[in-house]
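For reference, the structure is listed below as structure tokens.
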Amino acid sequence: MCLKIGLSVGFMSHSEKIHVDLSGAPQSMLATFYAKALDADLPEPILGDRLARDIANRIDYDWSKTTITAGKSPGVTTRSAHFDQWAREFLATHDRAVVLHLGCGLDGRYFRLRPGPGVEWYDVDYPDVAVLRHQLYPAAEHNHVVSASVTDPAWLADIPRDRPVLMLGEGLTMYLKEEDGVGLLRRIVDHFPSGELQFDAFSHFGIKTQWSNAVVRRSGATLYWGIDGPDDVIRAVPQLRLVEWESPFDTPVFRQVSGWYRLLAKAMSLSTKVRYMAQYHRYAF
């Protein structure tokens with residue numbers, strides 16, 4: 001996701017901690033990251049991102065503010081594991097590609113997937129987030145951090161346009177205004193010869209009921225762009241072809257969650273409106 005934050009950081013050794021001084025509404029970025037850190041220590045982790053756990057231990061922050069607990073972490077980690085799998089499928093057939101990881105926050109997807117040397121990977125987020133990533137993550141030759149708002153048209157001009165693209169937008173679209181989100185998707189399709197767009201979205205019902213999302217509510221963030229299904233996306237960007245669209249409750253990775261979590265999902269799925277309040281989208285062009 002893309003949210004402005006203020007940081008108090010300095011050069012540090014691994015034994016020191018980075019103090020994160022929040023302003024505005026970036027707390028949800030830290031919440032999703034903390035869920036991945038907690039998952040790493042579970043007996044049967046879904047994501048198993050031990051680097052996230054180690055990095056969380058290097059951040060000076062009161063994690064209780066996120067409202068995330070180990071029991072709640074599957075709400076985040078099942079989504080991340082799902083998009084990891086879709087990304088792996090794309091990269092398995094495109095060993096020379098560009099990956100745009102938009103609104104990356106503190107997610108370490110590059111280090112989980114370890115793409116080959118033919119892939120140029122770009123983590124894009126606000127300047128303060130970029131600073132924090134440089135402080136916390138190791139440098140990698142083909143992993144580039146772009147310090148910009150994803151909706152700023154300027155940064156895309158510096159990205160190679162001679163190869164297929166994978167755009168990943170996990171936890172991003174709902175924080176954008178519709179006109180900004182549509183403009184972003186159109187620019188990406190126009191910039192590259194081919195590729196895939198993979199992102200999650202909230203329906204208009206999900207946007208209207210955002211008050212029920214504890215992480216969003218306590219962080220002070222606001223959700224804007226509602227997408228009810230693929231028709232909304234293809235109508236806005238006609239070059240796209242639908243590959244997959246599904247509810248988070250219907251994905252293979254969701255079968256890994258505990259029994260009580262599956263029962264809750266089954267009850268929620270009885271209502272189509274609730275079942276598709278959140279959705280996973282995958283398009284090709």
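The values are calculated or read from the model by the stated rules, or taken from the named source; none is laboratory data. Predicted model only: the values in this text are computed from it and were never measured. Positions of Cβ are generated from backbone atoms using ideal geometry, with glycine treated the same way; all protein chains shown enter the neighbour counts. Note: areas computed on protein heavy atoms with side chains; ligands, DNA, RNA excluded. Shrake-Rupley method; radii C 1.70, N 1.55, O 1.52, S 1.80 Å.
How about the stretch 132-143: which of its residues are outside any loop (DSSP other than H, G, I, E, B) and either touching a Gly at 6+ places or on another chain (Cβ under 6 Å) or open to solvent by 60 Å² or more (accessible area, probe 1.4 Å) (or both)?
Taking the stretch 132-143 first, the residues outside any loop (DSSP other than H, G, I, E, B) are 132-136, 140, 143.
Across the stretch 132-143, the qualifying residue is only His134.
Can you find, within the stretch 250-285, the residue that is farthest from the chain's Cα centre (by Cα) among those that are open to solvent by 60 Å² or more (accessible area, probe 1.4 Å), under 17 Å from Ile207 (Cα atoms) and in contact (Cβ under 8 Å) with a residue 24 or more places away in the chain?
Lys273
Is it the case that the stretch 203-222 has a residue that's at pLDDT 85 or above and closer than 20 Å to Met167 by Cβ?
No; the residues of the stretch 203-222 include none that is at pLDDT 85 or above and closer than 20 Å to Met167 by Cβ.
Of the numbered conditions (1) open to solvent by 60 Å² or more (accessible area, probe 1.4 Å); (2) closer than 21 Å to Val76 by Cβ, Arg241 satisfies every one except a single condition; which is it?
(2)
Consider the stretch 229-280. How many of its residues are in a loop (DSSP other than H, G, I, E, B) and among the β-branched types (Val, Ile, Thr)?
Selection size over the stretch 229-280: 3.
How many of the residues making up the stretch 176-216 are outside any helix (DSSP H, G or I) and farther than 22 Å from Ser80 by Cβ?
Going residue by residue through the stretch 176-216, those that are outside any helix (DSSP H, G or I) are 176-177, 192-203, 209, 213.
Filter once more, keeping what is farther than 22 Å from Ser80 by Cβ: 177, 192-194, 209.
Total satisfying the criteria: 5.
I need every pair where a residue in the stretch 229-249 that is closer than 20 Å to Arg187 by Cβ has its Cβ under 9 Å from the Cβ of a residue that is assigned to a helix (DSSP H, G or I) and among the charged types (D, E, K, R), sequence separation at least 6 or different chains.
Final answer for the pair search is Ala236/Glu178; Ala236/Arg186; Val237/Arg186; Gln239/Arg186; Gln239/Asp190.
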